[in-house]
1. Consider D318 carefully, then state whether it is surrounded by fewer than 19 Cβ atoms within 10 Å (Cβ to Cβ) and either in contact with a Pro (Cβ under 8 Å, 6 or more places away or on another chain) or assigned to a helix (DSSP H, G or I) (or both).
2. Which of the residues belonging to region 234-274 are more than 25 Å from K180 (Cα to Cα) and part of a loop (DSSP other than H, G, I, E, B)?
3. Here's a check for you: in region 200-214, which residue that is touching a residue at least 40 places away in the same chain (Cβ under 8 Å) and open to solvent by 10 Å² or more (accessible area, probe 1.4 Å) is farthest from the ligand (Cβ to nearest atom)?
4. Can you spot a residue in region 80-99 that is within 16 Å of the ligand (Cβ to nearest atom), surrounded by 12 or more Cβ atoms within 10 Å (Cβ to Cβ) and among the polar types (S, T, N, Q)?
5. Going through region 220-233 one residue at a time, which ones are open to solvent by 40 Å² or more (accessible area, probe 1.4 Å) and either more than 30 Å from G71 (Cβ to Cβ) or in a loop (DSSP other than H, G, I, E, B) (or both)?
6. Could you pull out the residue among K197, K180 that is more than 14 Å from the ligand (Cβ to nearest atom) and under 28 Å from A254 (Cβ atoms)?
7. Residues A23, A116, A65: which one is within 21 Å of the chain's Cα centre (by Cα) and at pLDDT 95 or above?
8. Please specify each residue of region 39-59 satisfying the condition of being part of a helix (DSSP H, G or I) and surrounded by fewer than 17 Cβ atoms within 10 Å (Cβ to Cβ).
Amino acid sequence: MIDLRSDTVTLPTPQMLEAMNSAPVGDDVFGDDPSINKLEQYAAERFGFDEALFTSSGTQANLLAILGHCGRGDEYLCGQDAHNYKYEAGGAAVLGSVQPQPIANAADGSIDLELAKKYIKPDDYHFARTRLLSIENTIGGKVLSMDYMAKAQAFAFNNNLKIHLDGARMMNAAVALAVKPEQITQFFDSVSICLSKGLAAPVGSLLLGDSAFIARARRLRKMVGGGMRQAGSLAAAGQVALESMIERLADDHANAKYLGEQLNTLEEVSCNLDDIETNMVFAEFGPRINPDIITAALLERDIKVLSGNPMRLVLHKDISKQDIDSFIKELSQILDI
Ligand SMILES: *Cc1c(COP(=O)(O)O)cnc(C)c1O
């Protein structure tokens, strides 16, 4: 099976399975799980924060972040395409009475900070209180530059806002920018990182922040049912992810470029190679093509994609260059029918 739907489909590595098998565990709600404590301390130290919190998902980490920074009747600024606006079931609004203020994302994924300025509400009882700017890197496979993140940090500071990074794929951004992850995290009051996407751990995310913030997040995590018990085996896989799975993301980025080039050799498919900055490729089909039919035909040939035009294809450690060649061969045969 060749699965190009997402980098969430990555399977744990043998080293992760080994670590999971031998991980010491305890009741993490009592603070007793050595493997979770180790991962949280390691991440806090490495990424330059007081503390870290292991969460069951990226969605949960983002929810705790927004609720940790904002109270009822507050709002957060985010991109119109932000995961924590569009794809998290409105959690901050539903569970925290925190209103999102979405702002159009530019083609490069950024939020125009002059535009964002206009959305900050004056201190007036008609309005929600604007408390937080949340940005995402990578977003739709695009990388926000170091310069932009520095400007966003200054913007937040000057406007008395906190700044959160939804860094589910932050490691892809770090690899693409050729910087250390902690050079990215320095710009933010809080950061969420997914261990279970390109880094290939089976489950889990981390939320990073100062001690007071993480204490609030820990309480909120319990409230939403995210206090896990002997979850140290999951943390042990996450530890392997952070220690050994970051640099190899460069292979996924190279494979993404290769896939883009190969797609461009097919008639009725095109792909803008300049848009491929990390592990995501967007294939555009000509008007004659029905992407649902292509998706179904690919599935019959043991290839999984998400239907759409453009069709998002995601590279990850379980997709080799050979898999890309097989995918292109099958797709080309289907298009010829
Ligand atoms: C996947 C993702 C999340 C959520 O992660 P889950 O673990 O699937 O809940 C959050 N933000 C971004 C940008 C993501 O890509």
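The values are calculated or read from the model by the stated rules, or taken from the named source; none is laboratory data. Please read these numbers as outputs of a predicted model, since none were measured by experiment. Note that each Cβ is placed from the backbone with ideal geometry, even for glycine, and that neighbours are counted across all protein chains shown. Just the protein is used for accessible areas: all its heavy atoms, side chains included, with ligands, DNA and RNA removed. Shrake-Rupley method; radii C 1.70, N 1.55, O 1.52, S 1.80 Å.
1. Considered against the rule, which asks whether it is surrounded by fewer than 19 Cβ atoms within 10 Å (Cβ to Cβ) and either in contact with a Pro (Cβ under 8 Å, 6 or more places away or on another chain) or assigned to a helix (DSSP H, G or I) (or both), D318 comes out as no.
2. Scanning region 234-274 gives N264, T265, L266, E267, E268, C271, N272.
3. S211
4. Yes, region 80-99 has at least one match.
5. Once the filter is applied, which keeps residues that are open to solvent by 40 Å² or more (accessible area, probe 1.4 Å) and either more than 30 Å from G71 (Cβ to Cβ) or in a loop (DSSP other than H, G, I, E, B) (or both), region 220-233 yields V224, G225, M228, R229, Q230.
6. K180
7. Among A23, A116, A65, only A65 is within 21 Å of the chain's Cα centre (by Cα) and at pLDDT 95 or above.
8. Q41, E45, R46
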